[in-house]
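These notes are about the structure you will find just below.
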Amino acid sequence: MRSFKWAVVALAAVAVAGCSRRKANEGPLVLGYFPNITHAQAIVGMRDGTFERELKGRPLRTRTFNAGPAAMEALMAGELDVAYVGPGPAIVAHIRSGGRVKVIAGAASGGAGLVVRGISGLDGLAGEKIAVPQIGNTQDIALRFWLKGQGKSAAQVTPLDNPEIVNLFRQGLLKAAWVPEPWAATLISEGATLLVDERTLWPGGRFPTTVMVATDQALKNRREEVKAVLRAHLQLTARARKDPAAFTRAVNDGFESLTKKRLKDEVMTSAFGRLELVTDPMQDQLRVEAEHAAALGYVPKADASHLVDPSLLRELGAEQGVGGSGPGR
């Protein structure tokens, strides 16, 4: 836990500094995301120009990250305006910044869990390193909270980049990892087993894996640009529901462009079988995520009451004649 707490201190220091490296309305809007298919809308939208079309000539720049804490540090340093990120880092950034990071929509539910090789149950984890993408990311929090519930809070949790996790499994140097898709499906396709599907730990099997966040400065000073990005996100999610097969291929095309590696069709099918693309921020589940983070000492309090800003979803819902709080699942 010590390494995580140092990461939180670093994030808090960045939060205190605020958006000091770049003026809130200076230069192109900057969007952050990860080369994970739990960020499917970002992967497809950046490759096929959906975001740029909605921005109507206003400039957009992107940055990719391995995991959430690094993205949230960049967000709080003023290097990002909007980001796709896991709920864990979003909650930490929101609370540590005094509310200057807001969730504006959901993006994905499901698609994460504990994958093992040569381990048949909980007892087999004794003495094993369990990898996560980064200390303090959503999978790290999920793993530690699950281990605590099993009475195994002293397990060795090791942060590794997702591709490195796959390589170490292949070499037989790592036997357990809590990872998002497509990394879980990749490992399963190569002989690993899904020991814990995180969906089984949540009522109804639904929980936020990825959300969209924005800084309060971007919401205030670049609102129309942020709304354009969110409008593109809603369009991409609708496309995924209308034609899942075509959208899955588009995700793989984008993943290949980012990583120079194409995923096997069976890996994509397996991954999307555990993953749902959404727009609903799942505020109730985010409250529970905040309670988990506080129980582990990641944040000083479990206050997520002002984490979600649904105003842009409402505005876009009104534009589309939906009404209420905007698009749902």
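The values are calculated or read from the model by the stated rules, or taken from the named source; none is laboratory data. Every value quoted in this text rests on a predicted model; they were computed, and no experiment measured them. In this analysis, Cβ positions are derived from the backbone assuming ideal geometry, glycine residues included, and neighbour counts consider all displayed protein chains.
Structure above, values below:
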read-out	value
Qualifying residue in segment 129-142 (condition: within 21 Å of Ser270 (Cα to Cα) and in contact with a Lys or Arg (Cβ under 7 Å, 6 or more places away or on another chain))	no
For Arg287: the one exception among (1) without any contact (Cβ under 8 Å) to a residue 40 or more places away in the chain; (2) surrounded by 15 or more Cβ atoms within 10 Å (Cβ to Cβ); (3) in contact with a helix residue (DSSP H, G or I) (Cβ under 7 Å, 6 or more places away or on another chain)	(3)
Flag for Ala70 being more than 17 Å from Glu289 (Cα to Cα), in a strand (DSSP E or B) and in contact (Cβ under 8 Å) with a residue 40 or more places away in the chain	no
All positions within segment 181-226 that are of a type in the set (Ser, Thr, Tyr) and either more than 17 Å from the chain's Cα centre (by Cα) or surrounded by fewer than 16 Cβ atoms within 10 Å (Cβ to Cβ) (or both)	Thr186, Ser189, Thr193, Thr200
Residue match in segment 89-111 (condition: under 18 Å from Gly27 (Cα atoms) and touching a helix residue (DSSP H, G or I) at 6+ places or on another chain (Cβ under 8 Å))	no
Selection status of Trp178, buried (at least 21 other Cβ atoms within 10 Å of the Cβ), of a type in the set (Phe, Trp, Tyr) and closer than 19 Å to Pro87 by Cα	yes
Hey, Asp216 assigned by TED's automatic domain parsing to the domain that holds Gly88, of a type in the set (D, E, K, R) and under 30 Å from Arg144 (Cβ atoms) or not	yes
Residue within segment 192-211 that is farther than 30 Å from Val116 by Cα, among the acidic types (Asp, Glu) and part of a helix (DSSP H, G or I) present	no
Failed item, numbered, when Lys102 is tested on (1) more than 16 Å from the chain's Cα centre (by Cα); (2) crowded, with 19+ Cβ neighbours inside 10 Å	(1)
Subset of segment 1-52 (residues that are among the hydroxyl-bearing types (Ser, Thr, Tyr), at pLDDT 90 or above and either surrounded by fewer than 22 Cβ atoms within 10 Å (Cβ to Cβ) or more than 20 Å from the chain's Cα centre (by Cα) (or both))	Thr50
Residue selected from segment 76-88 under the condition of a type in the set (A, V, I, L, M, F, W, C) and part of a strand (DSSP E or B), by the criterion nearest to Leu201 (Cα to Cα)	Val85
Any hit, segment 114-122, residues being closer than 26 Å to Thr215 by Cβ and crowded, with 23+ Cβ neighbours inside 10 Å	no
Test: residue in segment 128-139 that is free of Cβ contacts under 8 Å to residues at least 60 places away in the same chain and among the acidic types (Asp, Glu)	yes
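Here's the yes/no breakdown for (1) among the polar types (S, T, N, Q); (2) over 18 Å from Met212 (Cβ atoms); (3) at pLDDT below 90:
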| site | (1), (2), (3) |
| --- | --- |
| Glu54 | no, no, no |
| Met72 | no, no, yes |
| Asp81 | no, no, no |
| Val85 | no, no, no |
| Asp140 | no, yes, no |
